[in-house]
Amino acid sequence: MKERNGLRTHSTINVRGLVALLPSSPIFHSHFPEHPFYLRLMHEADQKKQAQQWHQQVRGWQSELATWHTDLMFLQRMADIYGLKLHLPAERARLSDLNTRVRQFLDAVTALGHDGLRTHEEQVRKVAEDRLLLRDRELPYRHTEHTDRMDDLRLNYRALRDALYTTVEHLRQL
């Protein structure tokens, strides 16, 4: 072993030793934990992992929105069919108001699904596929906004679904 400029070097070339000196190897990290190259590499790997998790979450949201749309359309159709039995104007008005709320919710779900989530999903997918590094500092904030919006929509969906289900059961008993 020779020493040059304060660094120990081997006189023979060992392939395993060269691999150990690559900045991406764990041995490199154990010897140079604060090396800027290693820190940047780890940061990019963390970003990619985070983007993959976000991508899976957004795809789950898109699936959830499609399920909500189908469920609410089915329950609304059932309410319309059983609503033909109603004779009192007050009951018909209540059913009409519920249908209006459902339509407004479905419009909001469609707008979010087609515009907001599709664009967000494409951006996150590009980051996850390594075609784009996470240079957009707004992306985490947009993802948080979408998370909050989905939580609000989830609460509204459950309330509408329960109201529609209760209405259908009540109308079915008539």
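No value in this document is a laboratory result; all are computed from the given coordinates. Just so we're clear, the structure is a prediction, and the values are computed from it rather than from any experiment. When we count neighbours, we look across all protein chains shown, and the Cβ atoms used for this are built from the backbone with ideal geometry, even at glycine.
So, restricting to helices (runs of 4 or more DSSP H) that lie completely within segment 83-174, which ones have at least 1 residues that are touching a helix residue (DSSP H, G or I) at 6+ places or on another chain (Cβ under 7 Å), over 30 Å from ALA51 (Cα atoms) and of a type outside the set (Phe, Trp, Tyr)?
89-111, 139-173
In segment 93-116, which residues are under 19 Å from the mean Cα position of the chain (by Cα) and not aliphatic (A, V, I, L, M)?
Listed by number, the residues that qualify are THR110, GLY113, HIS114, ASP115, GLY116.
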